Each structure stands twice: as C-alpha cells, then as structure tokens.
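*Asks:* Sending over a structure as structure tokens; questions will come in a sec.
The values are calculated or read from the model by the stated rules, or taken from the named source; none is laboratory data. Bear in mind the structure is a predicted one, so any value in this text is a computation, not a measurement. Don't worry about glycine lacking a Cβ; one is built from the backbone with ideal geometry, like all the others, and counts go over all protein chains shown. We work out accessible area using only protein heavy atoms, side chains counted, and drop any ligands, DNA or RNA first. Shrake-Rupley method; radii C 1.70, N 1.55, O 1.52, S 1.80 Å.
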Amino acid sequence: MQTVILPVDNPASIETAIELLNDGEIVAFPTDTVYGLGTNAFYSPGIIKLFEAKGRDANKAIAVLIGEIEQLSSLTDELSPAARLLIDHFWPGAITIVVPKKMELPELLSAGNSIGIRMPNHPFTLELLRKFGPIATTSANLSGKNNPQYAQDVLHQLNNRLPLILDGGRCPGGIPSTVIDCSSDEMRILRQGAISVQVIDAVLISAGLPAVITQTNP
C-alpha cells in the first residue's frame, strides 16, 4: 500500500479522508497532543486494520474522538456529574473521559463495559470529526515506539501501512492526553498525560466532588 501525505490546508484533504474512512480504511491526522491513527468507530474491519498497522495488542482498548457534544449520544447513555463537569471544563482538550459504553458498539473498541472518549482541541481535526462522525483513534506510531509529533514521524514508522497521512505540521502538545475513568463512583487516573492531576483535582474539589485516585502508569 502506498502512503500519501496531504497537507491539511489542501482543499481535498477532508474529502479524501472521509472517502477512505467510509471505505473502512485508516487515516493519520494531527491533534492537539500527538498524531492520531483513526478509523470509523462503528466498523470492526477498520478497527482490525488499525490494530494491524500499529502491531497493537487487540486486547487493549481504543479511545474514540468526537467533534461535537451531540456525538456523545452514539457512544454512551450515561454520564456522571463528575464526567459532565470535566467535559464542560476541559473539552475540547487533552483529557480522555472513560464512561459506560453502549453495548452495540464494536467489541474491539473495548472488551469491557466502558469506553474512552475525547474531543481534541485542533481546528482541522474537529472539522473532520464533525463532518464524518466519531473516529476510533490511537497514537499513529508502532506499538512501543515514540509518539509522533510530525507527519514525517508517522511516515517513518507506518509507511505503506496506511493510505493517507494528513500533515498539519508539528502537534502543539506532544504529550498524550490524560485518561480518567469516570465509569464508577471512584474516579481514577488511568494515564497521566497533558493535563495534570492537580489541575483536575482543583476543578473537582471546587465543585464539591472528591479528588481522583491516581495509579502508576503501566
């Protein structure tokens, strides 16, 4: 498979990406944290391609990116007060909220009963998500390798493993999102990332909610 790079300011970039996503393909794109590798969140064969391109363990959960709050209803029926607060405060931004998932979603997204969801703070990717819909996404690198900040980083690791890389220059963050589990009464930090635990706790405590429980990154 030949990998093509299109600048995000190319008028054909979004339409080309949507055509590929509609065909069940995978596409790499910039976000506010690192480059992501994504596919249709509701199409299992595309999710399999995502795992294969990365060399990722299929037992690991895949997060979903959305472009507008209304898209949440296609992924979850339940948001706790804490989850709503964090969404209102940090989205769009570098925090992934884990919530109970709709059971009709592909099992490959998550073997359990929850799913991670994020709205990235990147204008191009938000437009893509609003036009296409939720995209199952993971970082656009080989499993265990460095997170990509440039399109060329993606090409270096995944050349010929995907049809399209959308080049938006350097990702401004460079650090993956913070992942917080809001699917139960005890909120837990599953991955410490771009947004610190202290900042999250300050928002929760100011609203009269308990602080999160931290754990060591795997």
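*Asks:* What residue, among those in segment 149-203 that are assigned to a strand (DSSP E or B) and open to solvent by less than 40 Å² (accessible area, probe 1.4 Å), is nearest to Leu20 (Cα to Cα)?
*Replies:* Only one residue tops the list, namely Leu164.
*Asks:* Can you tell me which residues in segment 118-148 are assigned to a strand (DSSP E or B) and either touching a Lys or Arg at 6+ places or on another chain (Cβ under 9 Å) or under 17 Å from Ala17 (Cα atoms) (or both)?
*Replies:* Passing the criteria: Ile135, Ala136, Thr137, Thr138, Ser139.
*Asks:* Among the residues of segment 9-24, write down those that are open to solvent by less than 40 Å² (accessible area, probe 1.4 Å) and either in contact with a Ser or Thr (Cβ under 8 Å, 6 or more places away or on another chain) or β-branched (Val, Ile, Thr) (or both).
*Replies:* Those that are open to solvent by less than 40 Å² (accessible area, probe 1.4 Å) and either in contact with a Ser or Thr (Cβ under 8 Å, 6 or more places away or on another chain) or β-branched (Val, Ile, Thr) (or both): Ile14, Ile18, Leu21, Gly24.
*Asks:* Quick one: Asn147 ticks every box in (1) in contact with a Leu (Cβ under 9 Å, 6 or more places away or on another chain); (2) in contact (Cβ under 8 Å) with a residue 60 or more places away in the chain; (3) of a type in the set (S, T, N, Q) bar one, so which box is it?
*Replies:* Only one criterion is unmet by Asn147, namely (1).
*Asks:* I need every pair where a residue in segment 23-39 that is over 13 Å from Asn141 (Cα atoms) has its Cβ under 7 Å from the Cβ of a residue that is open to solvent by 10 Å² or more (accessible area, probe 1.4 Å) and in a strand (DSSP E or B), sequence separation at least 6 or different chains.
*Replies:* Correct list of pairs: Gly24/Asn40.
Let's see how each residue does on (1) closer than 22 Å to Gly169 by Cβ; (2) in contact with a Ser or Thr (Cβ under 6 Å, 6 or more places away or on another chain):
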position	(1), (2)
Ile26	yes, yes
Gly36	yes, yes
Gly46	no, yes
Phe51	no, no
Gly55	no, yes
Ala58	no, no
Ala63	no, yes
Glu68	no, no
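*Asks:* If I ask for residues that are of a type in the set (S, T, N, Q) and open to solvent by 80 Å² or more (accessible area, probe 1.4 Å), which ones from segment 42-61 would you list?
*Replies:* Result: Asn59, single match.
*Asks:* Determine whether Thr31 is among the β-branched types (Val, Ile, Thr), open to solvent by less than 10 Å² (accessible area, probe 1.4 Å) and in contact with a His (Cβ under 8 Å, 6 or more places away or on another chain).
*Replies:* Considered against the rule, which asks whether it is among the β-branched types (Val, Ile, Thr), open to solvent by less than 10 Å² (accessible area, probe 1.4 Å) and in contact with a His (Cβ under 8 Å, 6 or more places away or on another chain), Thr31 comes out as yes.
*Asks:* So, of the residues in segment 62-111 that are assigned to a helix (DSSP H, G or I) and polar (S, T, N, Q), which turns out to be least open to solvent (accessible area, probe 1.4 Å)?
*Replies:* Top of the filtered list is Gln71.
*Asks:* Could you tell me which of the residues Phe51, Phe42 is of a type in the set (Phe, Trp, Tyr), on the phi < 0 side of the Ramachandran plot and part of a helix (DSSP H, G or I)?
*Replies:* Phe51
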